[in-house]
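Down below is the structure, laid out as structure tokens.
The values are calculated or read from the model by the stated rules, or taken from the named source; none is laboratory data. The structure displayed is predicted, hence computed values, not measured ones. When we count neighbours, we look across all protein chains shown, and the Cβ atoms used for this are built from the backbone with ideal geometry, even at glycine. We work out accessible area using only protein heavy atoms, side chains counted, and drop any ligands, DNA or RNA first. Shrake-Rupley method; radii C 1.70, N 1.55, O 1.52, S 1.80 Å.
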Amino acid sequence: MTMRQPILPEIAEAAAAWIVRRDGKAMSPEEERDFALWQSDPDHRAALARLEKIWGLMDEQEDAVAGLQAIPELPRTRPVSTTTRSRSNCHPNRRLGLLRRGWGMRGAMGGIAAALAIVVLGGVQDWPTRLRADQITGIGERRNVALSDGSVVQLDSGSAIALDFAKGRRGVRLLAGAALFEVAPDPARPFVVEAEGGSVTALGTAFAVRDEGGRATVTVTKHSVRVEGGGRAAVVGEGQGADFTHSTLTGPFPARGEAIAWTRGRLMVVDRPLGEVVAEIGRYRHGFVTVAGAAAAMRVSGVYDLDHPLAAIDSIEKSHGLRSVRLSDRFIILRR
């Protein structure tokens with residue numbers, strides 16, 4: 001089997017810039033000539049083809065969720081100065097320099113090229129999880145799933161569960177994301193949710209479990225559950241929560257009011273770092289979004305609409321006096 005050679009960073013940067021430029025407004029005759037000359041190198045053509053496949057896959061994923069919005073002039077910086085506008089049509093390699101100098105982010109386009117592969121091939125198409133899952137939701141999708149016993153599971157964006165219903169047990173494994181369980185009574189068959197090496201057994205009606213990546217959190221909305229983790233067990237009642245892993249169990253403690261706001265399409269934030277908030281909003285849209293520099297540590301509070309994540313990001317940018325570099329709204333970097 002022949003291994004493909006990795007793309008050199010400088011070639012990846014230029015290829016990403018050309019893809020972004022072509023996805024914006026029509027190129028000028030001079031740019032078309034520059035592009036043709038750049039493609040005359042076989043390594044350049046190969047890099048362009050590989051990145052175009054990823055870019056195309058992202059288009060397909062977005063079309064499956066919602067209609068694409070109009071693509072603005074690229075790249076775009078807010079607020080846009082007259083100088084920035086006059087430079088936006090320069091050769092991609094020169095624009096890379098502008099991005100680096102203006103934002104202090106070395107290798108910005110190279111990072112965006114890498115993010116294409118991470119977001120599309122790693123996050124959107126998580127085939128190992130898909131193969132294990134009985135139910136899975138896409139990016140930005142929330143869905144109710146009716147189980148054979150009469151229970152109902154509400155899956156959050158990018159979530160997956162595997163079912164193991166046997167004669168004497170109703171088992172669910174949370175593979176990724178978050179789920180709210182409304183459990184149908186059946187004393188003869190306990191309802192058990194497993195996550196991160198621990199488990200939650202329903203003693204009542206409704207509770208939510210979120211996989212935090214190495215740790216799981218349960219929030220009880222009705223009655224109570226039995227949580228096991230780290231060789232310990234605890235009963236967690238209505239309005240309480242607990243954290244658990246294969247080796248630890250913390251709680252019960254008062255549940256955070258914002259813990260299950262996602263079930264209503266909202267993200268409620270109380271005094272959290274902006275970087276974490278934007279990363280959470282990013283779970284509900286295709287593409288790459290991040291906060292660079294000191295702005296990531298800003299403490300913020302607010303309520304954001306997860307059904308319109310791009311609008312939520314725009315609101316954050318405006319309300320906190322930030323600026324952004326955007327590439328087709330697929331890639332957003334917020335910064336002071």
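Add +1 for every Lys or Arg and -1 for every Asp or Glu among the other residues with Cβ under 9 Å from the Cβ of MET268, and state the total.
Around MET268, the charge tally is +1.
Which net charge results when you count Lys and Arg as +1 and Asp and Glu as -1 among the other residues whose beta-carbon is under 11 Å from that of ARG142?
-1
Just to verify a number: what accessible area does GLU238 come out at with the full protein assembly present, 1.4 Å probe, Å² rounded to tens?
Near enough 120 Å² of accessible area.
From the P(r) of the range 190-267, can you give the percent of Cα pairs sitting at distances over 19 Å?
Distances greater than 19 Å cover 27 percent of the Cα pairs.
Amide H neighbours of LEU306 under 5 Å, at least 5 residues apart or on other chains, H built in the peptide plane: list them.
ARG266, LEU267
At LEU131 and ARG336, where each label point lies 7 Å from the Cα along Cα→Cβ, what is the point-to-point distance in nanometres?
Those two pseudo-labels are separated by 4.7 nm.
Please work out how much length the chain gains when fully extended from GLU238 to LEU37, using 0.36 nm per residue of separation minus the C-alpha to C-alpha distance, in nm with one decimal.
Numbers: separation 201, 0.36 × 201 = 72.36 nm, distance 6.64 nm.
So the chain would gain 65.7 nm between GLU238 and LEU37.
Leaving ligands, DNA and RNA out of it, work out the accessible area of TRP262 with a 1.4 Å probe and give it in Å² to the nearest 10.
Result for TRP262: roughly 10 Å² accessible.
Taking K and R as +1 and D and E as -1, what net charge do the other residues with C-beta under 11 Å from the C-beta of SER247 add up to? Write out the running numbers ahead of the final one.
Numbers: positive: ARG215, ARG232; negative: GLU196.
Taking every Cβ under 11 Å from that of SER247, the sum is +1.
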